Amino acid sequence: MIMQDSKERFTIKDLTKEFDVTSRTLRHYEEQGLITPTREGQNRIYSPADRTKVAWILRGRRVGFSLSEISEMLDLYSLDDDRTTQRIVTLEKCRSRINALEDQRQDIDDTIKELTDFCSLLEDLTACEKTGKWISKATGKTPEVPPAVKFLKN
């Protein structure tokens with residue numbers, strides 16, 4: 001961390017260490033206009049605001065926001081409304097993301113159940129010695145085939 005006139009400034013090395021990201025990642029965020037370090041010769045110097053933005057960007061990426069969504073939320077940071085708009089928009093985006101993740105979780109749970117049921121069906125099958133057809137070990141009868149399997153047979 002560079003200290004000058006009691007104003008904190010950060011080098012690219014400081015931020016890569018602190019946030020466990022590559023310098024390429026920080027340069028990418030700069031190219032996308034998400035952060036705006038100043039230059040001293042060839043060196044990028046990051047402000048405390050840039051540091052805060054990097055933290056926001058990384059949190060947003062971790063929870064699945066795109067860089068354009070993050071950019072929109074960061075742009076609201078500079079509005080002169082005590083960050084009220086940023087808070088409201090970010091909250092709406094977070095709730096929307098939660099809903100999408102809950103839908104995905106339900107889809108995953110449904111798929112897991114279907115696969116588990118299918119595995120149980122397959123584990124219960126044995127070949128009939130007389131006919132060579134698949135029968136249930138438990139009942140000795142031809143099992144009820146789930147609709148998805150019937151579809152695959154056609």
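The values are calculated or read from the model by the stated rules, or taken from the named source; none is laboratory data. Quick caveat, the model's predicted, so the values are computed rather than measured. FYI the Cβ positions are ideal-geometry reconstructions off the backbone, even for glycines, and counts take in every protein chain you see.
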So, in region 57-70, exactly how many residues are touching a residue at least 24 places away in the same chain (Cβ under 8 Å) and either surrounded by 20 or more Cβ atoms within 10 Å (Cβ to Cβ) or assigned to a loop (DSSP other than H, G, I, E, B) (or both)? 5
Cβ-Cβ under 9 Å pairs, at least 6 apart or on other chains, region 76-96 side of a type in the set (Asp, Glu), far side surrounded by 14 or more Cβ atoms within 10 Å (Cβ to Cβ): none
Could you give me the residue pairs with C-beta distances under 8 Å whose first residue belongs to region 115-127 and is in contact (Cβ under 8 Å) with a residue 12 or more places away in the chain and within 18 Å of THR139 (Cβ to Cβ), whose second residue is exposed (fewer than 10 other Cβ atoms within 10 Å of the Cβ) and of a type outside the set (Lys, Arg) wherever it lies, and which are 6+ apart or on separate chains? ASP124/ALA138
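Report whether or not VAL54 is aliphatic (A, V, I, L, M), within 30 Å of GLU30 (Cα to Cα) and loosely packed, with under 14 Cβ neighbours inside 10 Å.
Values: aliphatic (A, V, I, L, M): yes; within 30 Å of GLU30 (Cα to Cα): yes; loosely packed, with under 14 Cβ neighbours inside 10 Å: no.
No: the conditions fail for VAL54.
Has region 98-111 got at least one residue that is surrounded by 12 or more Cβ atoms within 10 Å (Cβ to Cβ), over 30 Å from LYS17 (Cβ atoms) and outside the structural domain of THR16 (by TED's automatic domain parsing)?
Taking region 98-111 and keeping what is surrounded by 12 or more Cβ atoms within 10 Å (Cβ to Cβ), we get 101.
Pick out the ones that are also over 30 Å from LYS17 (Cβ atoms) and you get 101.
Now narrow it down to the ones that are outside the structural domain of THR16 (by TED's automatic domain parsing): 101.
Checked against the condition, which is being surrounded by 12 or more Cβ atoms within 10 Å (Cβ to Cβ), over 30 Å from LYS17 (Cβ atoms) and outside the structural domain of THR16 (by TED's automatic domain parsing), region 98-111 yields at least one hit.
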Out of ILE108, ILE98, ILE70, I need the residue that is among the β-branched types (Val, Ile, Thr) and closer than 30 Å to GLU144 by Cβ. Which one? ILE108
Please specify each residue of region 29-52 satisfying the condition of being within 18 Å of THR90 (Cβ to Cβ) and at pLDDT below 95. ALA49, THR52
Have a look at LYS17, LYS53 and point out the one that is among the basic types (Lys, Arg), in a helix (DSSP H, G or I), closer than 29 Å to GLN104 by Cα and not assigned by TED's automatic domain parsing to the domain that holds GLN104. LYS53
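Filter region 71-97 for residues that are assigned to a loop (DSSP other than H, G, I, E, B) and surrounded by 13 or more Cβ atoms within 10 Å (Cβ to Cβ) and give the result.
Taking region 71-97 as the starting set, the residues that turn out to be assigned to a loop (DSSP other than H, G, I, E, B) are 79-83.
Within region 71-97, ARG83 is the sole residue that qualifies.
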Check whether at least one residue in region 38-45 is in a helix (DSSP H, G or I) and of a type outside the set (A, V, I, L, M, F, W, C), and report yes or no. no
